[in-house]
Amino acid sequence: MPQNSRKMNMVQAINLALKEEMQRDKDVIILGEDVGRDGGVFRITEGLLDQFGPERVVDTPLAESVIVGAAIGMAAYGLKPIAEIQFEGFIYPAVDQISNHAARIRSRSRGRYTGPLVIRTPYGAGIKAPEHHSESNEALFCHMPGLKVVMPSSPYYAKGLLLSSIRDPDPVIFLESTRLYRLVKEDVPEGEYTVPLEKARIVQEGKDVTVISWGFMLHRALEAVEGFDAEVIDLMTLNPYDEETILGSVKKTGRVVIVNEAPKVGSFASELAAAIAENAMLSLRAPIARIASYDVVLPLPKLEDHYMPTVERIRKALTDIMQY
Amino acid sequence: MPEKIIESFNVKRLDILDEKGNADESLMPSLTDDGIKRMYEVMVLARTFDQRALNLQREGRIGTYAPIQGQEASQIGSALALEKADWIFPSFRENGVYIAFGHPPHMILQYWSGDERGLITARDRNIFPVCIPVASHVPHAVGAAMAAKYRGDRIGVVAYFGDGGTSEGDFHEGLNFAGVFKLPVVFICQNNQWAISMPREKQTAAKTIAQKAYAYGFEGVQVDGNDIFAVYKATKDALDKAKQGNGPTLIECFTYRMLDHTTADDASRYRTKEEVEPWKEKDPILRLKLFMEKKGLWSEQYQEDVEAKAKAAVDEAEKKAESIAPPDPRDMFTNTYEKLSQRQQKEIRDF
């Protein structure tokens, strides 16, 4: 059981998870651009090169496809690689590797080879970054059976979910909100604890409406529900996701608001809305609301605050639904 | 200031056995008579298998198939240079490699008839499943080599691909990575001159594929890909070098795809009979036969025995492959993840 807790932000919590797991398991190796000497552009891997050496904290050439592709080969060989892609906007050259190989290797080899690797990458808007640094494309990865998609919403859960992801026998893409990296501090225990994958968590219980979110948007949702008797669910693992917890809550409250940072068309909110409609239609007392970013190309920083769901938009949806 | 030459390189070409069956003894790899006969017998088996697979496809008994005819020396020569513990990352035209490395031929037919179980390699052999997205397996080979190096395992990793594959980004990223980290990996390009309808000259303006290695800081060599001794020697040397910690090698096997790209292709649409004809004289099996004849290792009787043995093995493979029951439809749910997801449990219940 964990001994001491310290207040830390998500950067520190992820760094701690990596450090502890690398101490525990020699098969864990980090590879990516600038992860060694520089400690990563967000300083997630700071100090790890000094502690574990260049064989375990590998600064790679600037080439996303081989970073993920090499991780697949390492994982098949028996290691537990953690590949960092510097920003989610740069992951596309590696999507071939993720979809065609990481997600499929267990199935296509009928379990002879597996892909116990983690791909960590920052996502999301809200830090005034240049173009291609701010997208929230989690839905893309949810359409790749064989891959797990994990999105932590706070330092405590980031550490516990990352440890579970590293130990998971299947490939995991671990999406970290850039906005969240230094936004929230909370008590994070040192030492062993894990948060299970494929389980949602009820952040607060409520009777009138179920609000489902993940990653940074969970914080906007929590702010917006003040004054409502809302049950708030942090999905945490998007695929495969915890349908039972969602349906259980919706059957109780009869109202649903889903908040996601991605554009609405083809968003993961759409999958959740469809699953709720299929399985809990008769429990619903109001239409399902999806609060998402607009279906536009993500604007540069001057307009990004107008693009993402705001507390006001979520609150308006809650008000409308309660009055329906 | 005058301009200076700051880097230059020379590309070697290795030929040992010519079309008349004469070998350059000074370059001959160390092989026993039995070793040479084994090369011949496996090549005959691979060709017999290939021919049968084409027939089975025409009869609708297996699916689309990519023939290897003409490339037997490149595949068997390289695979026989491997040790049991080495890892292979094949593309989709490596049935000769599979056979030479000991994968049961009936399982190869099982795979090409649409059953993933055909590629489950024995516990003591490591052949990654065939890779259909071109060259996307090159990074996997590089990663496995990196893992082997990290663990201190004295093994080599071999990636097979074609001339078309060298145009892909993953070829570049993989070779570049292997060069930077000096990894124990051998890249074997079977330059068979055609990527479906695109001739080799349309893939790259470079004179050879071998020379591309120099841009990544390691050695590339071109070998006569229809000369099993040259392929065997180049692969063995490259593997020895890799296992001694001296980094990767790119081997360009200069060969020819005698048949269509796959059974779904018709090569007469884009290349002439006149082009194919001269390659028949360069046949890899024919020239080894001529060599063996000169050495007293070949006779009519031996040929009959080898062919009969190959035919029996392929008959047996065909029979075995066709007697395997199709997988249980529920098997498609398993092995997506280690455990069934909530959704899959529902799907399987309602199936």
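Data table
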{"quantity": "Unique match (being over 30 Å from residue A:144 (Cβ atoms), among the charged types (D, E, K, R) and within 22 Å of the chain's Cα centre (by Cα)) among A:305, A:295, A:208", "calculated": "A:305"}
{"quantity": "Selection from segment A:37-76 of residues that are in contact (Cβ under 8 Å) with a residue 60 or more places away in the chain and small (Gly, Ala, Ser)", "calculated": "A:75"}
{"quantity": "Restricting segment A:55-82 to residues that are hydrophobic (A, V, I, L, M, F, W, C) and in contact with a Ser or Thr (Cβ under 9 Å, 6 or more places away or on another chain), the residue that is farthest from residue B:171 (Cα to Cα)", "calculated": "A:57"}
{"quantity": "In segment A:94-122, the residues that are under 30 Å from residue A:11 (Cα atoms) and facing chain B (nearest Cβ under 7 Å)", "calculated": "A:96, A:97, A:101"}
{"quantity": "Cβ-Cβ under 8 Å pairs, at least 6 apart or on other chains, segment B:105-116 side within 14 Å of another protein chain (Cβ to nearest Cβ) and over 9 Å from residue B:63 (Cα atoms), far side polar (S, T, N, Q) and assigned to a helix (DSSP H, G or I)", "calculated": "B:116/A:107"}
{"quantity": "Tally of residues being in contact with a helix residue (DSSP H, G or I) (Cβ under 7 Å, 6 or more places away or on another chain) and assigned to a helix (DSSP H, G or I) across segment A:240-264", "calculated": "6"}
{"quantity": "Helices (runs of 4 or more DSSP H) fully within segment B:20-127 counting 2 or more residues that are over 12 Å from the mean Cα position of the chain (by Cα)", "calculated": "B:33-58, B:105-112"}
{"quantity": "Residue check for residue B:286: within 14 Å of chain A (Cβ to nearest Cβ) and either aliphatic (A, V, I, L, M) or in contact with a His (Cβ under 7 Å, 6 or more places away or on another chain) (or both)", "calculated": "no"}
{"quantity": "Hits in segment A:214-255 - residues which are away from chain B (no Cβ under 14 Å), within 30 Å of residue B:339 (Cα to Cα) and free of Cβ contacts under 8 Å to residues at least 60 places away in the same chain", "calculated": "A:231, A:232, A:233, A:249, A:250, A:251, A:252"}
{"quantity": "Conditions (1) more than 19 Å from residue A:11 (Cα to Cα); (2) crowded, with 20+ Cβ neighbours inside 10 Å; (3) within 9 Å of chain B (Cβ to nearest Cβ): number failed by residue A:29", "calculated": "(1)"}
{"quantity": "Condition check for residue B:339: exposed (fewer than 15 other Cβ atoms within 10 Å of the Cβ), within 14 Å of chain A (Cβ to nearest Cβ) and part of a helix (DSSP H, G or I)", "calculated": "no"}
{"quantity": "Scope segment B:295-336; condition within 14 Å of chain A (Cβ to nearest Cβ) and either under 30 Å from residue B:17 (Cα atoms) or touching a helix residue (DSSP H, G or I) at 6+ places or on another chain (Cβ under 9 Å) (or both); matching residues", "calculated": "B:324, B:327, B:330, B:331, B:332, B:333, B:334, B:335, B:336"}
{"quantity": "Qualifying position, being among the acidic types (Asp, Glu) and under 30 Å from residue A:113 (Cβ atoms), among A:198, A:231", "calculated": "A:198"}
{"quantity": "Tally, over segment B:117-145, of residues that are at the interface with chain A (Cβ under 7 Å from one of its Cβ atoms), without any contact (Cβ under 8 Å) to a residue 40 or more places away in the chain and surrounded by fewer than 21 Cβ atoms within 10 Å (Cβ to Cβ)", "calculated": "3"}
{"quantity": "Test: residue in segment A:68-77 that is within 14 Å of chain B (Cβ to nearest Cβ), among the β-branched types (Val, Ile, Thr) and surrounded by fewer than 24 Cβ atoms within 10 Å (Cβ to Cβ)", "calculated": "no"}
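Every number in this text was worked out from the coordinates using simple rules, so none of it is lab data. Treat the numbers as computed from the prediction; the structure is a model and nothing was measured. Glycine gets a Cβ as well: all are built from the backbone with ideal geometry, and neighbour counts include every protein chain shown.
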